[in-house]
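Only one structure is covered here, and it is reproduced in the block below.
The values are calculated or read from the model by the stated rules, or taken from the named source; none is laboratory data. No experiment lies behind these values; they were computed from the predicted model shown. All Cβ positions, even for glycine, are placed from backbone atoms using ideal geometry, and neighbour counts span all protein chains on display.
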């Protein structure tokens, strides 16, 4: 599902730099993982996946910028994350701030916020069958959902939103599934192109 504000292109024309923030990741852990792993470690694993997806998404947007000659620059993830830390923000506290506040901290014209959720891992028996047919990684989730929102820094207006639910059983690994979701998500956003000299 894709939404784009009617003023998207007029707002985007004024943007010079955008930033992709770490995604909020929610994994449906197995009962064994919940039983055998400290809750703090599970949270750190989700945070690490959020940083991984932030990096992947930034790479997709940079590739898109190069191919389509976007006029807007994309802030490097290490710069974004360093500025968040310098402002005292932890990954699990981003939701407490508005897009306008986050943009001001980062010195950008727009921010991309998002979440990534996964369903319960497939059963062991089904995992064996899927592994034989699709080379599916045992323990991978049955489904995943990515939700990305682009906000204008000056007004806080939601410029665009992309939400995609994916049947994960068709992918051989969770990384392949994430890449497919990101490829579809990044194709939806289209910034103005650089003007010819």
Taking segment 14-45 and keeping residues under 26 Å from residue 104 (Cα atoms) and in contact with a strand residue (DSSP E or B) (Cβ under 8 Å, 6 or more places away or on another chain) leaves 15, 16, 17, 18, 19, 20, 21, 23, 24, 25
Inside segment 15-55, the number of residues satisfying the requirement of being under 19 Å from residue 191 (Cα atoms) and surrounded by fewer than 20 Cβ atoms within 10 Å (Cβ to Cβ) is 2
* For segment 97-110, does any single residue satisfy the condition of being surrounded by fewer than 20 Cβ atoms within 10 Å (Cβ to Cβ) and either farther than 26 Å from residue 8 by Cα or at pLDDT below 85 (or both)? -> no
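Hey, any hits in segment 83-94 for a residue that's within 24 Å of residue 3 (Cβ to Cβ), surrounded by 15 or more Cβ atoms within 10 Å (Cβ to Cβ) and at pLDDT 85 or above?
yes
If you go through segment 65-82 one residue at a time, how many are surrounded by fewer than 18 Cβ atoms within 10 Å (Cβ to Cβ) and part of a helix (DSSP H, G or I)?
Looking only at that region, the number is 6.
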When segment 1-45 is checked residue by residue, the ones that are touching a helix residue (DSSP H, G or I) at 6+ places or on another chain (Cβ under 9 Å) and part of a helix (DSSP H, G or I) are 33, 34, 42, 43
Matching residues in segment 1-44 (touching a residue at least 12 places away in the same chain (Cβ under 8 Å) and closer than 19 Å to residue 95 by Cβ) number 11
